[in-house]
Amino acid sequence: MRSERDARGWSQADAVRAMRAKSSHNLPTDSTLLRNWRRWESGESRPDEFYAPIIAAAFDTVPAAFFPKSRPNRDDELLSATGMDTLEFIGRLRMSDVNSATLDAVRITAERLCCEYAYADPHELHAEGTAWLRRITSLLDGRLTLSQHREILVLAGWVALLVGCVDYDLGHRAGAEATRRAADSLGREAGNPEIVGWAAEMSAWFALTQGNFRGAIDVSEKAMAGTTSMGVGVQLAAQRAKGWARLGDRRAVQTALDEGRAILARMGHPADLDNHFVVDATKFDFYAMDCCRVAGQDRLAERYAQQVIKDSTRPDGSVRNPMRVSEARLTLAVVAVRDRDLERAVEEGVAAFTSGRKSLPSLAWIAGEAAREIIERFPGDPRTQSFLEQLRSLNVG
């Protein structure tokens, strides 16, 4: 709470006023709120369920991001869940032996693949995801009940979304778009609006990273109607905010971020934060970081970037979400160069390229924005050339 307040240049009294402005309830007097605030900041007490949402709203975020709960353990071992090892499972798929155990195994496998997105080698994940997509869709040719048919369509849709994302990360635009369309078709046939929404979100992502900001906004707006109670609705709102940020409309940016925050606030805390298609509250800082950086709100962008890095790092120092950390490093690079600190800017910028797991179009897009700022302020410096060489080495297709 103190660091968020300091990032905005607020006094404790300013923070209390922000709470009052964002609350629809009758709050105690300012002196009482100030005493409470001092206790909260000092760690003497923790805001309860009444105050936590108001404090989060004062800082334009959601309670689950500001006051995160502990993450549950997940046991998704195929053998313990179904009694089958992988070889037996694949054998059943080849024989189109579809029963509850087979469907459980398909479900577990699809979930595992989606959970490996953030850190797995993209080439290996793409190959494995593509192989499983073929196996799953082959079941559609067998004898199935209506409910089995629909569930297989849904599971194939999720794996197709994953494969499409990894395709795009690798710079394979045509393949990514083809797989995205396949996922959209599977989602529509299954009557699953969430898969259809994610297919639209991918289209907005593709448009953004290719500089088509109006296209990204249009796609996101059209898809929002059926997703206002789903995590994908948060992503769509975020993509719209990113587009408006680059078109210079701060009011539209805030409206989109507020819409995404409202959806997050209505959602329960997800049980599994590893799944790429599960939107967790900590992602809101990631979206706001991007918009603040583009809008020139440097201190807020820096604060959000530091929080993204913190949320993406495990207690042992390993990185849970390397792609988010890379973009956070680039944000810190931009803030540094605006502060005329080229040494730190290049250090942070080059660090963004060192992750083994990259989304090439996204990284090149944000790094390109950072490069323009570095060139503008330090055009002839050798360190600028060093950063540009790293950027050229991405070799996005």
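The values are calculated or read from the model by the stated rules, or taken from the named source; none is laboratory data. Note that the structure is predicted; figures quoted are calculated from it, not measured. Note that we place each Cβ from the backbone using ideal geometry, even for glycine, and neighbour counts take in every protein chain shown. Heavy atoms of the whole protein, side chains included, go into the accessibility calculation; ligands, DNA and RNA do not. Shrake-Rupley method; radii C 1.70, N 1.55, O 1.52, S 1.80 Å.
Observations, loosely collected:
- Only DSSP H runs of four or more residues enter the estimate; each adds -39500 (n - 2.57), and after division by the residues of the chain the mean residue ellipticity at 222 nm equals -22000 deg cm²/dmol.
- Convex hull volume of the Cα atoms of segment 203-289, normalised per residue: 88 Å³.
- Over the chain, volume per residue of the alpha carbon convex hull, in Å³: 152 Å³
- Degrees separating the helix 231-247 axis from the principal Cα axis of the chain, which is the longest one: 50 degrees
- The alpha carbon radius of gyration of segment 149-221, expressed as a multiple of 2.2 N^0.38 Å, is 1.07.
- Taking Cα atoms only, the orientation of helix 146-169 departs from the longest principal axis of the chain by about 50 degrees.
- Highest mean first, the peptides 367-375, 161-169, 145-153, 42-50 sorted by other C-beta atoms within 10 Å per residue fall in the order 161-169, 367-375, 145-153, 42-50.
- Within the straight-line cut-off of under 22 Å between alpha carbons, the lysines reachable from residue 22 are 283, sequence neighbours fewer than 8 places apart in one chain being disregarded.
- Segment 237-391 - percent relative contact order, Cα under 8 Å, separation 6 or more: 15 percent
- Across all directions, the average projected area of the convex hull around the alpha carbons of segment 182-329 is 9.1 nm².
- Residues 282, 29, 331, sorted by accessible area with the largest first, give 29, 282, 331 [1.4 Å probe; ligands and nucleic acids excluded].
- Along principal axes, Cα extents of segment 341-397, largest first, whole Å: 28, 18, 15
- For the chain, the Cβ-based charge dipole about the Cα centre amounts to some 920 debye (Lys, Arg positive; Asp, Glu negative; other atoms uncharged).
- Partners of residue 358 within straight-line reach, counting aspartates and glutamates whose Cα lies under 14 Å from its Cα and excluding those fewer than 8 residues away in the same chain: 116, 121, 124, 167, 169, 327.
- Compared with the dominant principal axis of the Cα atoms in the chain, helix 382-392 is inclined by about 20°.
- Applying the criteria of a DSSP loop state and at most 11 other Cβ atoms within 10 Å to the trypsin sites (Lys or Arg not before Pro) of segment 252-356 yields 340.
- Inverse mean reciprocal Cα-Cα distance (Kirkwood Rh) of segment 242-397, Å: 16.3 Å
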